[in-house]
Structure formats: C-alpha cells, structure tokens
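Visitor: Attaching a single structure in structure tokens format; questions to follow.
The values are calculated or read from the model by the stated rules, or taken from the named source; none is laboratory data. Quick caveat, the model's predicted, so the values are computed rather than measured. So basically every Cβ, Gly included, is an ideal-geometry build from the backbone, and we count neighbours across all protein chains shown.
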Amino acid sequence: MPTKQTRPLKKLPANIGILLLSVILVCLPHLLRLPLWISTLCLSLIGLRYFHETGRIGLPGKFLRLLILLASIAGLFASYSTLIGRTAGSAMLLLMLCLKLMEIKGTRDVIVIIYISFFILITSFLFDQSIYNGAYILVVVLSLVTTMIIYNHPTAQQKSVSQALRQSIKQAFILLVQAVPLMLMLFFLFPRLPGPLWSLPDDGQGASTGLTDELEPGRISKLSNNPDVAFRVKFEKTPPSPERLYWRGPVLSLFTGKKWQVLKEDSVSRLNLDDINFSLPVDYTVTLEPHNRHWLFALEMPATIPARTLLTEDMQLLQTHPVRSVTRYKMRAYLNYQLDPNSIVNSYYYLQVPAQTAPATRHFVKQLRKKHSPDAAYINAVLNYFRTENFIYTRKPPLLDKDIVDQFLFETQQGYCVHYASAFAVMMRLANIPARIVSGYQGGEMNPLADYMIIRQSDAHAWVEVWLPGKGWRRIDPTSVIPDSRVEAMEDRLRRQDEQTRNAFKMKQGWLSQRLRNLGYSWDRLNNGWNHWVVGYNSSRQKSLLSMFGADKLSLQDLALLLAAVFTVCLLFIALFVFRQKQNKLDPIEQAYVQFCKKLATLGFTRKPEESALHYAHRVSVLRQDLRLKVFAVTRLYNHLRYAKHPSPRVFPHFLNKIKRFHPHKIKEKPAIK
C-alpha cells in the first residue's frame, strides 16, 4: 500500500526569521487600532510565510494572490468608504507589506519590504507622538537596519546565528549613533512653517477623547474612571481655586428628547470679544493631547484666540483642523466676565423641548413656577430640590428605558453629571428660561514634581448655562449641590476639595500607593518634557533657538542654505571617520587570510600587492612543495567564501580552524620542484 509522502520540515533560516520579526514589530502598533479582519489577515500572511520557510506549506499562486489583493481592497473600501486618509491609507500599506511577503524571490524583494516597513513606521506618528511610541520606533528601526545588514553583508550569513545576530546588531547600533548628528541637525534647522505642510482627508475616525458631540443620558450603566491625560496646563501665576476650574469644550444646545447634540456649523456664529466686559485675568499655556476633534479647551471666558481658531457665539474654541497631534497654545482667560445682558442669539434652540417629552416634569415645573415666579428664585428652588431629595451621584446609574427626564427625576434619582445637567436644562426650558449644556473638564491635579496641572479624562464633566435678562449667560452646576454623603465614589468627592485637602488624603494612603503615585508623576513629567521640547518644537521655538546665535533674521532660503552647509560638513566628517575605520579594520574573512599570509611571510614568502590568492599559493607551492596541500586548502576555502554566489555557512569556521592550525615552521622542508 503506497504511503503518503510528507513535506520534509526545515529549520527557519535566521535571515528570514529576523525579517519576519521586524515586519511583526512594524505592524504591531497599527494592528491594535485596525478592524479585526485586517489584523487577522496580516498575521495570517506572516504566519503563512513562516510555515512555508519551515517546509510545512506552500505559498499561494499568482491567481490566489490576486484574489486576496482584490478582496483586501474591497474590504478596505467597505470599512472606510475610501482608500486614502490616515487610517485607510495606513491599513492599505500594511496589507500590501504583508502580501509582499508572499513573493520573496531574492534580496531585491527583501529590500523593498524593508523600505515599505520604514514608511509604515513613519505613519505611526500620525496616530501617536508620545515618548512611548518614539522609544518603540527606535527599537524597530534598529531591528530593520539589522535585517538590512544581515541580507547585505557578505559574511553575516556565514556564521552561527547568535554570532551573526550580535555582530549585525552592533553594526546597526553604530550606524544609528553615527546618524544622530544628522538627525539633530535636521530636527533643529529644517525650516518650520507656522501651519501644516499638508493635511490628510478626514477618514471618519472617531474621537479618542472622553467627550463627544452628543450626550445621551440613560444609555450608559457604568462610567469608567479613565486616568489618561486630556491636557496639561501651566499657569503663569497661582492657579485659580477648584470651583473656578471649568474647562469649556463642546456646547450642546439641541435636545431631541433622548439625547443632546451640538448645533450644526451653519447655525454657529462668531463671538466678538469687543462686546465683553472682562476682569480678573489668568494667563496659562495648554498642552492638548490629540483627540481628532476641532475643540480646544479653555477657562471661561477666553480673551485670546489661538491661531487658526475661532470663538463661536456659545463660547466654543474651534480649530480649523482636527487636533490630531499634541497641540500647544497660550491663553488668557477672564474669570469674571459679562456678555451682552440684553440680547440672546439663537434663542429658539435654547428653549426647544419636544412636545411629547417629560409630561411629569412639565406638571412639576408648572407647579414649582407658580410658587417661584422670579427666574432666580425658580433656579434656586430646582437646585434645592436636587439638594433635599434623595438624589445620588453615582458612576453606576440604572439604565433609563422610559422618558429619560421623568424617570431620572421621579424614579431612579441616580446618575452622574450628564443626568443632572440634562434634567436641569429641561426644567429651565420648560419654565421659559433659555438653557444649554456645556461639556468639558472640571478641576485638575497639580504635579508636585513640576509646576503644571494635569487634567485627565476622568475629570470630564457637564454643567448648564442659563440666560437671565440683565445678567446674560450664567453657569449653574447642579451636581455641586449634591451633599458629599450622597456621592458614591471617593474620587468624585475629592474632586470637589481644594488641593490641600486632597494632598492630606493622599498622605494617609500606604507607602506603596504613594511611591507608585510619585512614579506616575515622574513619568508624566518626562512626557510633558517630550511634548514641550520635541513634539512642540515649532516655528516660534526654532526662531528663539536661532536668535541665541544671532540667526533669527534668516529667511527660509537662507535657512535652507545653512541647513545644506551644515549637512555637508556632517556628511564629510562621517565619511572621513568611516574611511579611517575601514582602513584600520578588515572584514573577518580578510583578517583571517591576512594572518595566514603573515605566517607565510615569516618564511620569506611575502604576498605582492598585485598577486591574487591563487597565484600566491602557486608561487609558495613551487618553492615549498611540503606546504602545497595546506596552502591550496586554505586558498580554496578563501576563494569560496569571497567569490561564491551562495557560500556555505559551515565553511567559515572550517577556514578559521585551518589557519589557526597552520604552523609552517613545524613542517619539514622538502626540496623545491626543479
């Protein structure tokens, strides 16, 4: 009975193993943010190449590869509705890279894969410019350069795996160190334009911040405590007290009965700062983490507007481009301000409540309004209702499956800031008082190891603004009236306290908790420095640096010439260094052969500069027949290692061993051939 033939298994070649590892490292940051089908396909293609190299499976043919390519393009278009843009374009490059692994036939294909990998590596900065990502990319660059050396160096594949890997990593590290002067020179001197050099189409990626452009109370039954940093703030003087730290973000004015939404762009008008009365200025600088939205955050009321930003009528700071990288801007805010108290823009939106919404609340408001006719008295009565009834501030509220306002006010009475702000705004509108919800952040935490404040995603908050005749818009935070005894989470209770009280509470915690917290502050300080000096190095900082050397008046053309001159000098210096190193250091094969020639030179057989290895061996063997076999054995191995298209990795150790054991003085001399 014939037996089924199985494919013989092979050991994974070291060079292919390093290549596949490098490709995985390049893909990893993107795989974590892409749809599952893309990540699965990429890893499957890498795994397919691995199993092929170990003899377990064959590679797909041209027709099947074409089908995979077309299916991938169709899948990308179905997922993103485009093939360009930040996310869709990166995903397509990633798929092309992994598909290229299916057609490796020679070194040229490997070099193409490495070049594509370098390009994909750069695109990861479009998503994350943190110091974590910078350190990770440095490691991957080292891996890719090591792969290039292994594939291009004539002796790397002739040694043991560990020896070749160690030497290649060492060479890659030296190359990167030699590139540091060029990198620094390009970083500091390359012309920095005030605006972006280019922009990517909007790929529809959702925001990564804790805020959105709509709020839907009752749909979330558990609110997570996200410790990620939203932005950092450095005050010029003493920071304001916690009750004044309201960082204004999106303003939600449209109420559908189920959720709150921001006004459309065609409904938004600009605010004229000349119509505002200011007092009590506060100067500060914000370092905002990317969130893929147009919002900038600022204290109320912003008196300065950053470049390429507008201030809307509802006091939102909107940047012309989404915030997709760390953004740094200086601000001045006036904590005491007065808008026009006698006119209101878009008043319809601030009074609108769907007709069938909140019937029980309508009845309650009607009764309450009869008792408290003045607007101020009515507002206080509503706040007192929240204060005296059994309302609880919790991050784990029950879901609202009925009317969201009625069920919260008269049944569950449990929720977080969005629930309270929504119910309060509806109660104001039903009493004919214009109201809107403002979302943003409240409070902040000073880093005790540095002079700046950290605002985290867990500080996200929502409050209400009401418009009163003769007073204008006034901020009302209904959650502030809930007693501490009815606030469930300790973090939420501490957020209401001043810095001294919070620090006293932290000191009561255990030794380990304090050390971990200080470690977190140290790491955040390092991140802030990275954002300040590296990510935030813009045209103004470049100008300040050049002014230290009296070169701040240089035009872009002059700066480009200076860059070219310094670049040329650096290249000449590196070329001279490399040339001198090459003069003093030969590759391992040549080093061993030179040692062999030195041993023969002690017998008077000095190799001539124009003499090839074979001619040299022939001359020695003619004069010393007793050395003929050993000399020609070493010479054949040397020529094989130097000139063979695919030299065997076993030859080099054998070559070294023969030279080590070659002692011509111990061989008995025989007469020369006549």
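Visitor: Which of (1) in contact with a helix residue (DSSP H, G or I) (Cβ under 9 Å, 6 or more places away or on another chain); (2) surrounded by fewer than 17 Cβ atoms within 10 Å (Cβ to Cβ); (3) farther than 30 Å from P359 by Cα; (4) modelled with pLDDT of 85 or more does D451 not meet, given it meets every other one?
Guide: Only one criterion in (1) in contact with a helix residue (DSSP H, G or I) (Cβ under 9 Å, 6 or more places away or on another chain); (2) surrounded by fewer than 17 Cβ atoms within 10 Å (Cβ to Cβ); (3) farther than 30 Å from P359 by Cα; (4) modelled with pLDDT of 85 or more is unmet by D451, namely (1).
Visitor: Here is a further query. Against the definition (farther than 30 Å from Q163 by Cα and in a helix (DSSP H, G or I)), how does L76 come out, yes or no? Even if it seems obvious, please write down each step before you answer.
Guide: Numbers: farther than 30 Å from Q163 by Cα: yes; in a helix (DSSP H, G or I): yes.
Yes, satisfied.
Visitor: So, in the stretch 333-348, exactly how many residues are surrounded by fewer than 17 Cβ atoms within 10 Å (Cβ to Cβ) and either modelled with pLDDT of 85 or more or not assigned by TED's automatic domain parsing to the domain that holds K471 (or both)?
Guide: So the count comes out to 0.
Visitor: Has the stretch 423-443 got at least one residue that is more than 30 Å from L318 (Cα to Cα) and surrounded by 23 or more Cβ atoms within 10 Å (Cβ to Cβ)?
Guide: no
Visitor: Next up: Looking at L399, L383 in this structure, which one is assigned by TED's automatic domain parsing to the domain that holds L430, assigned to a loop (DSSP other than H, G, I, E, B) and in contact (Cβ under 8 Å) with a residue 40 or more places away in the chain?
Guide: Working: L383 fails: assigned to a loop (DSSP other than H, G, I, E, B).
Of the residues listed, the single one that is assigned by TED's automatic domain parsing to the domain that holds L430, assigned to a loop (DSSP other than H, G, I, E, B) and in contact (Cβ under 8 Å) with a residue 40 or more places away in the chain is L399.
Visitor: Could you tell me which numbered condition L351 fails, if it satisfies all but one of (1) within 20 Å of W463 (Cα to Cα); (2) within 25 Å of the chain's Cα centre (by Cα)?
Guide: (2)
Visitor: Next question, about the same structure. Mind checking which residues of the stretch 31-67 are loosely packed, with under 12 Cβ neighbours inside 10 Å and among the aromatic types (F, W, Y)?
Guide: F63
Visitor: Regarding the stretch 332-347, can at least one residue be identified that is without any contact (Cβ under 8 Å) to a residue 12 or more places away in the chain and either touching an Asp or Glu at 6+ places or on another chain (Cβ under 9 Å) or in a loop (DSSP other than H, G, I, E, B) (or both)?
Guide: Within the stretch 332-347, the first condition is being without any contact (Cβ under 8 Å) to a residue 12 or more places away in the chain, and the residues that meet it are 343.
Applying the additional criterion that residues be either touching an Asp or Glu at 6+ places or on another chain (Cβ under 9 Å) or in a loop (DSSP other than H, G, I, E, B) (or both) yields 343.
Scanning the stretch 332-347 turns up at least one residue that is without any contact (Cβ under 8 Å) to a residue 12 or more places away in the chain and either touching an Asp or Glu at 6+ places or on another chain (Cβ under 9 Å) or in a loop (DSSP other than H, G, I, E, B) (or both).
Visitor: Scan the stretch 314-331 for residues that are of a type in the set (S, T, Y), touching a Pro at 6+ places or on another chain (Cβ under 8 Å) and part of a loop (DSSP other than H, G, I, E, B) and report the count. Walk me through how you get there before you give the answer.
Guide: Step one: of the stretch 314-331, the residues of a type in the set (S, T, Y) are 320, 325, 327, 329.
Applying the additional criterion that residues be touching a Pro at 6+ places or on another chain (Cβ under 8 Å) yields 325, 327, 329.
Keeping just the survivors that are part of a loop (DSSP other than H, G, I, E, B) gives 325.
The total comes to 1.
Visitor: Within the stretch 68-119, track down each residue that is farther than 19 Å from I24 by Cα and aromatic (F, W, Y).
Guide: Hits for the stretch 68-119 are F77, Y80.
Visitor: Within the stretch 87-97, is even one residue surrounded by 13 or more Cβ atoms within 10 Å (Cβ to Cβ) and either in contact with a Phe, Trp or Tyr (Cβ under 6 Å, 6 or more places away or on another chain) or under 30 Å from L576 (Cβ atoms) (or both)? Break it down stepwise before answering.
Guide: First pass over the stretch 87-97, keeping only residues surrounded by 13 or more Cβ atoms within 10 Å (Cβ to Cβ): 87-97.
Within this subset, residues satisfying the condition of being either in contact with a Phe, Trp or Tyr (Cβ under 6 Å, 6 or more places away or on another chain) or under 30 Å from L576 (Cβ atoms) (or both) are 88.
Scanning the stretch 87-97, I find at least one residue that is surrounded by 13 or more Cβ atoms within 10 Å (Cβ to Cβ) and either in contact with a Phe, Trp or Tyr (Cβ under 6 Å, 6 or more places away or on another chain) or under 30 Å from L576 (Cβ atoms) (or both), so the answer is yes.
Visitor: Additional query: Could you tell me how many of the residues in the stretch 25-69 are within 11 Å of M102 (Cα to Cα) and either touching a strand residue (DSSP E or B) at 6+ places or on another chain (Cβ under 9 Å) or not in a helix (DSSP H, G or I) (or both)?
Guide: Final tally of qualifying residues: 4.
Visitor: Now for a different question. Among the residues that make up the stretch 80-100, is at least one of them modelled with pLDDT of 90 or more, over 25 Å from the mean Cα position of the chain (by Cα) and of a type outside the set (D, E)?
Guide: So far as the stretch 80-100 goes, yes, one or more of its residues are modelled with pLDDT of 90 or more, over 25 Å from the mean Cα position of the chain (by Cα) and of a type outside the set (D, E).
Visitor: Could you check the stretch 407-425 and list, in sequence order, the residues that are over 18 Å from I437 (Cβ atoms), in a helix (DSSP H, G or I) and of a type outside the set (V, I, T)? Don't jump to the end; show me each part of the working.
Guide: Narrowing the stretch 407-425 to residues over 18 Å from I437 (Cβ atoms): 407, 410-414.
Now drop any that are not in a helix (DSSP H, G or I), which leaves 407, 410-412.
Correct list: Q407, F410, E411.
Visitor: Still on this structure: Take the stretch 274-307 and flag every residue that is in a strand (DSSP E or B), of a type in the set (S, T, N, Q) and modelled with pLDDT under 85. Break it down into steps so the answer makes sense when it comes.
Guide: Applying the first criterion (in a strand (DSSP E or B)) to the stretch 274-307 yields 277-288, 295-296, 298-299, 302.
Remaining after also requiring of a type in the set (S, T, N, Q): 277, 279, 285, 287.
Answer for the stretch 274-307, where residues must be in a strand (DSSP E or B), of a type in the set (S, T, N, Q) and modelled with pLDDT under 85: N277, S279.
Visitor: Looking at the stretch 209-232, which of the residues that are small (G, A, S), buried (at least 16 other Cβ atoms within 10 Å of the Cβ) and part of a loop (DSSP other than H, G, I, E, B) is modelled with the lowest pLDDT?
Guide: The initial filter retains those residues of the stretch 209-232 that are small (G, A, S), namely 210, 218, 221, 224, 230.
Of the ones still in play, those that are also buried (at least 16 other Cβ atoms within 10 Å of the Cβ) are 210, 218, 230.
Right, trim to part of a loop (DSSP other than H, G, I, E, B) and you get 210, 218.
Working: G210: 59, G218: 70.
Result: G210.
Visitor: A further question follows. Filter the stretch 612-648 down to the residues that are crowded, with 17+ Cβ neighbours inside 10 Å and in contact (Cβ under 8 Å) with a residue 24 or more places away in the chain and list them by number.
Guide: Within the stretch 612-648, A613, R624, L627, K630, V631, V634, Y638, L641, P647 qualify.
Visitor: Please state which of the following conditions K370 fails to meet, knowing it meets all the rest: (1) touching a Lys or Arg at 6+ places or on another chain (Cβ under 6 Å); (2) free of Cβ contacts under 8 Å to residues at least 40 places away in the same chain.
Guide: Going through the list (1) touching a Lys or Arg at 6+ places or on another chain (Cβ under 6 Å); (2) free of Cβ contacts under 8 Å to residues at least 40 places away in the same chain, K370 breaks only (1).
Visitor: A further question follows. Being at pLDDT 85 or above and out of contact with any Gly (no Cβ under 8 Å at 6 or more places or on another chain) is the requirement here; does L310 meet it? Even if it seems obvious, please write down each step before you answer.
Guide: Details: at pLDDT 85 or above: yes; out of contact with any Gly (no Cβ under 8 Å at 6 or more places or on another chain): yes.
Answer is yes for this residue.
Visitor: Inside the stretch 462-511, can you point out the residues that are at pLDDT below 80 and in contact with a Phe, Trp or Tyr (Cβ under 7 Å, 6 or more places away or on another chain)? Spell out the reasoning first.
Guide: Pass one, the stretch 462-511, residues at pLDDT below 80: 489-511.
Listed by number, the residues that qualify are D492, L494.
Visitor: Of the residues in the stretch 120-141, how many are over 16 Å from E289 (Cα atoms), in contact (Cβ under 8 Å) with a residue 40 or more places away in the chain and surrounded by fewer than 16 Cβ atoms within 10 Å (Cβ to Cβ)?
Guide: 1
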